[in-house]
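Scroll down for the structure; my scribbles are underneath it.
The values are calculated or read from the model by the stated rules, or taken from the named source; none is laboratory data. From a predicted model like this one, the values you see are computed outputs, not experimental measurements. Cβ placement follows ideal geometry from the backbone for every residue including glycine, while neighbour counts extend to all protein chains displayed. Note: accessible area is taken over every heavy atom of the protein model, side chains too, but ligands, DNA and RNA are not part of it. Shrake-Rupley method; radii C 1.70, N 1.55, O 1.52, S 1.80 Å.
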Amino acid sequence: MLQIVMSDKNTTYQKGMEILLENIFLHEEGKLVEFLTLTEANVAIADIIVKYFEPGESYLCNPILRNRKATSLLIGIYQGTNKPHIGEMPLCVNNMVFINRTESLSKTRALIVRGWENSTKTAYKNIRRNCQSCLHRTLSPQQVKVAAHFYRGFNTEKIASDLQLNVKTVCAHKRMIMTKFNLYSDCELLHFLNGLKNQMLTPNSFSECLAGK
């Protein structure tokens, strides 16, 4: 039986993906499938993981995905025109297949089938994920403070005043954050920061900064 973990904030899209996966693996290949929620325990046994990624999230450390099976297929759902750069992913999400939420059914199916075929190859069976050598992206201490103020809705002048920085310095920090995580609008930045706040990181410096720690 194939264990499939599903996590998407769009329940309609998630249901459609479940139907597509059943069609591919149950009706065409005769493999029973079971759909599971996104938990660390379920990820560890999953054959396929389907997860929505907010803008910039795929560049962060994803602890819940750290212990997934080497041969598991990770499908990253994203929206917008800016596809994440696969070669710059952290180790916990390497060999991920990205699918745009607006992709056609035929293209989505082809990507899943090709990804599944690749995930079962011998090369993937020997993958070892060493967090010490992982190049996931983080915010610097100063960027954390600037980002927390932006998340609270403060404008540039207010942030500069609170942090005793030059306005141009605040703008530069914001630009560096957006460049680092491949973000192209204030809306994407806010979605990214909201996701960062809820990341299960220890420690989560951004979340702690918002809490005043």
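Only residues that are in contact with a helix residue (DSSP H, G or I) (Cβ under 8 Å, 6 or more places away or on another chain), closer than 18 Å to Asn62 by Cα and assigned to a helix (DSSP H, G or I) were counted in the range 190-208, giving 9. The single condition from (1) under 20 Å from the mean Cα position of the chain (by Cα); (2) modelled with pLDDT of 95 or more; (3) among the hydrophobic types (A, V, I, L, M, F, W, C) that Leu139 fails is (2). Scanning the range 173-188 for residues that are open to solvent by less than 40 Å² (accessible area, probe 1.4 Å), in contact (Cβ under 8 Å) with a residue 60 or more places away in the chain and not aromatic (Phe, Trp, Tyr) turns up Asn182, Leu183, Glu188.
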